[in-house]
1. Please count how many residues of the range 62-83 are exposed (fewer than 11 other Cβ atoms within 10 Å of the Cβ) and of a type outside the set (Asp, Glu).
2. If we keep just the residues of the range 84-137 that are hydrophobic (A, V, I, L, M, F, W, C) and part of a loop (DSSP other than H, G, I, E, B), which is nearest to Cys71 (Cα to Cα)?
3. Which ones in the range 109-143 are farther than 28 Å from Asn79 by Cα and loosely packed, with under 10 Cβ neighbours inside 10 Å?
4. Quick one: Gly140 ticks every box in (1) under 30 Å from Leu12 (Cβ atoms); (2) assigned to a loop (DSSP other than H, G, I, E, B); (3) without any contact (Cβ under 8 Å) to a residue 24 or more places away in the chain except a single one, so which number is it?
5. Report those helices (runs of 4 or more DSSP H) wholly inside the range 1-45 carrying at least 1 residues which are surrounded by fewer than 18 Cβ atoms within 10 Å (Cβ to Cβ) and among the aromatic types (Phe, Trp, Tyr).
6. Could you tell me whether Ala56 is closer than 20 Å to Leu132 by Cα, of a type in the set (A, V, I, L, M, F, W, C), touching a Phe, Trp or Tyr at 6+ places or on another chain (Cβ under 8 Å) and in contact (Cβ under 8 Å) with a residue 40 or more places away in the chain?
7. Take the residues in the range 96-108 that are touching an Asp or Glu at 6+ places or on another chain (Cβ under 8 Å) and not hydrophobic (A, V, I, L, M, F, W, C), then tell me which one is farthest from Ser75 (Cα to Cα).
8. Could you grab me the full set of residues in the range 46-61 that are exposed (fewer than 13 other Cβ atoms within 10 Å of the Cβ) and either touching a His at 6+ places or on another chain (Cβ under 6 Å) or among the small types (Gly, Ala, Ser) (or both)?
Amino acid sequence: MDELDWAILGELQRDARLSHSQLAKRVHSTSPTVSSRVRKLEESGVIAGYSAHLDADRAGWPVMAFVRLACYGESCILNDPSAQERPEILEIHRVVGRECCIVKVRAVNTAHFEAVIDLLANYSPPLSTMVLSSPLQWSGLTPPSGLPTFDSLTE
């Protein structure tokens, strides 16, 4: 990916609703070039989709927490597709360490959060951390230039 691709990605991360002509103006290029680049970024999977960022508090889901689980094997949440269908479960991350995964959850109130914890306890004893505030909720990706690469770390 080159500078133009990253410029396009930066603008789309700020506002995915931009038309290709608006996007072209912002990145100082032409609409056909931008359309071609966006299509290639979508086809390669770099652009994985488009979505709206919601304010969870205003949408009625003010309680957020991260729950660590130490489940393994067939009874692990990582192997349960139905867990991904629960509206309270926003993200599941497989991790290294004492626990096998971290689950990001939302709830409508603390009683609902308690029920979510009880649900997750079916996989393993949950270790939860309730979020009080989030000064940085989301940040777009930028070019990794200047950061150490895998090759430089293994030399």
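1. So in the range 62-83, the residues exposed (fewer than 11 other Cβ atoms within 10 Å of the Cβ) come out as 73-74, 81-82.
Next, only the ones that are of a type outside the set (Asp, Glu) stay: 73, 81-82.
Final tally of qualifying residues: 3.
2. Here the answer is Cys100.
3. If the condition is that a residue be farther than 28 Å from Asn79 by Cα and loosely packed, with under 10 Cβ neighbours inside 10 Å, then Leu132, Ser133, Ser134, Pro135, Leu136, Ser139 are the ones that fit.
4. That leaves (3) as the condition not met.
5. On the way: elements: 3-14, 20-26, 31-43.
Those helices (runs of 4 or more DSSP H) span 3-14.
6. Values: closer than 20 Å to Leu132 by Cα: yes; of a type in the set (A, V, I, L, M, F, W, C): yes; touching a Phe, Trp or Tyr at 6+ places or on another chain (Cβ under 8 Å): no; in contact (Cβ under 8 Å) with a residue 40 or more places away in the chain: yes.
Spelling it out, it is not the case that Ala56 is closer than 20 Å to Leu132 by Cα, of a type in the set (A, V, I, L, M, F, W, C), touching a Phe, Trp or Tyr at 6+ places or on another chain (Cβ under 8 Å) and in contact (Cβ under 8 Å) with a residue 40 or more places away in the chain.
7. Arg106
8. Ala48, Gly49, Ser51, Ala52, Ala59, Gly60
Computed from the coordinates by the stated procedures, all read-outs in this text should not be read as laboratory data. Since the structure is predicted, the reported quantities are computational estimates derived from the model, not experimental observations. Cβ: placed from backbone, ideal geometry, glycine included. Neighbour counts: every protein chain shown.
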